[in-house]
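Bear in mind these aren't lab numbers, they're just calculated from the coordinates by the rules spelled out. Predicted model, so just to flag it, every value in this text is computed and none were measured. Cβ atoms come from the backbone with ideal geometry, glycine included; neighbour counts cover every protein chain shown.
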Amino acid sequence: MNQFLKNSVGQKDREAIKEQKDRLRKVEGTEKLGITFKTMCDITDKALLVLTAPDMTFLEVMINDAVRSTGMSYVFLDTKQWDSELEEALENNKCHYVILSSDPKFKLEESNRREMLYILVELSRVRGTKVIILTKDRNQDDLVKDMIKQDWFMNNVERAYVADAQFDNVTDECKEKVLRSSRIHFQKKRSVKVSDDDVKIFCKALDEDTFLQLCRETEIQMTHEQSSHNGNDVSRYVERMCARMKQVDLKKALCDERNEAFAVVGCSLENFADLNSSGCDVCHFNSLQRFVRCVLLDNMDDYDKLKDSAFYSTAYNGSSDVCFWITWMTMTILKIPPSTKARLST
């Protein structure tokens, strides 16, 4: 029976398509990230599906999971990976799904694009292959525009924004697993593994970029190696900061006494007054002459100047050996990090 199945047309097709999938290695790289979501994406029955999302990496993981769960044969590739070997395999073997990750900045040669369009249309028309295009911006993507213009796809296409393909939809278990398997390097002199006690705390401070970096590399270099005449100084002292991007309730944040200083981008004094129910000390950056708890900024360039100013540069001289993290928030609200030197346990 096994030999019969192996020799059957369907099984031969599946093996040929799997060989291409393994050769392209897009699926392998996507699944190696180990990202799991709280919800799954439903794949519609349209001949052409054009999908965008807040982040391309999360979109690729989510769609790969959704298509894989169907149990059908599929290939997944970047548009720049399209070649004659793949064309031949698709022409000679049944493939249920073709997933293309398209970068609008990458321009395919005209002849390659025409050949790709022709083959995808024929695969869909004759064999019922579903084509899924993942793109950062479908309005600026020439491949998407050309596909939609094809007569076969014109009335059988769906455009969708996959809102769940984002960091907030990643499971807590996945975040904890990534942190537990990660290492943090201080000044290239010390490698620290996140302890189980700190995992929960780190999960709350973890941002999208840091999470994806840990998924890809399993380690983070916090700062450059510091030179010192005394080797012990380099191994014992470290200046470090951890940044994250997050939506916050500004009123609640201003009332939280644990937040020592804020910088808010793109908010006038008049608008800020409506949010400042706690009577927080506030000043515009251009008028800053002393430390105030909240500084209003016109742009992010001012923030770089602010965090290096004398008013917000403090030294930590505690006698304990406790290590801690400084976090600040970007875009809507930013917590200004003091320049901190903390003694490390040896």
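Determine the sum of side-chain charges near SER182: Lys and Arg each +1, Asp and Glu each -1, restricted to other residues whose C-beta is under 12 angstrom from that of SER182.
Working: positive: LYS175, LYS177, ARG180, ARG183, LYS193, ARG216; negative: GLU176, ASP198, GLU217, GLU219.
Around SER182, the charge tally is +2.
Ranked from highest to lowest mean number of other Cβ atoms within 10 Å per residue, what is the order of the peptides 286-293, 75-82?
Highest-to-lowest ranking by the protection proxy: 75-82, 286-293.
Using 1/(1 + (r/R0)^6) with R0 = 45 angstrom and r between the beta carbons of ASN92 and ASP42, what's the FRET efficiency to the nearest 0.05?
Using R0 = 45 Å, I get an efficiency of 0.90.
Sort 106-115, 297-306 by packing, meaning the average of other beta carbons within 10 Å per residue, with the highest value first.
297-306, 106-115
Points 7 angstrom from Cα along the Cβ direction at SER278 and ASP197: gap in nanometres?
2.8 nm
Hey, which of these cross-link pairs are over 32 Å Cα-Cα: LYS12/LYS177; LYS46/LYS105; LYS32/LYS130? Spell out each step's value before the answer.
Values: LYS12/LYS177 38 Å; LYS46/LYS105 26 Å; LYS32/LYS130 25 Å.
The pairs that break the limit, which is 32 Å between Cα atoms, are LYS12/LYS177.
Quick one: net charge around HIS96, please, counting Lys, Arg +1 and Asp, Glu -1 for every other residue with C-beta under 10 Å from its C-beta.
+3
Could I have the simple spin-label model distance between LYS32 and PHE106, label points 7 Å from Cα toward Cβ, reported in nm to one decimal?
Inter-label distance under the simple model: 1.6 nm.
Please give the net charge around LEU77, taking every other residue with its beta carbon less than 13 angstrom from that of LEU77, where Lys and Arg add +1 and Asp and Glu add -1.
My count for the surroundings of LEU77 gives -3.
If the chain between GLU158 and SER84 were fully stretched, how many nm would it gain, using 0.36 nm times the residue separation less the Cα-Cα distance?
Numbers: separation 74, 0.36 × 74 = 26.64 nm, distance 2.80 nm.
Between GLU158 and SER84, full extension yields 23.8 nm more.
I'd like to know which of ASN112, ALA47, LEU134 lies farthest towards the positive end of the charge dipole of segment 28-142, counting +1 on Cβ of Lys and Arg and -1 on Cβ of Asp and Glu.
Farthest towards the positive end: ALA47.
What is the order of MET56, MET62, fewest Cβ neighbours within 10 Å to most?
Ascending number of Cβ neighbours within 10 Å: MET56, MET62.
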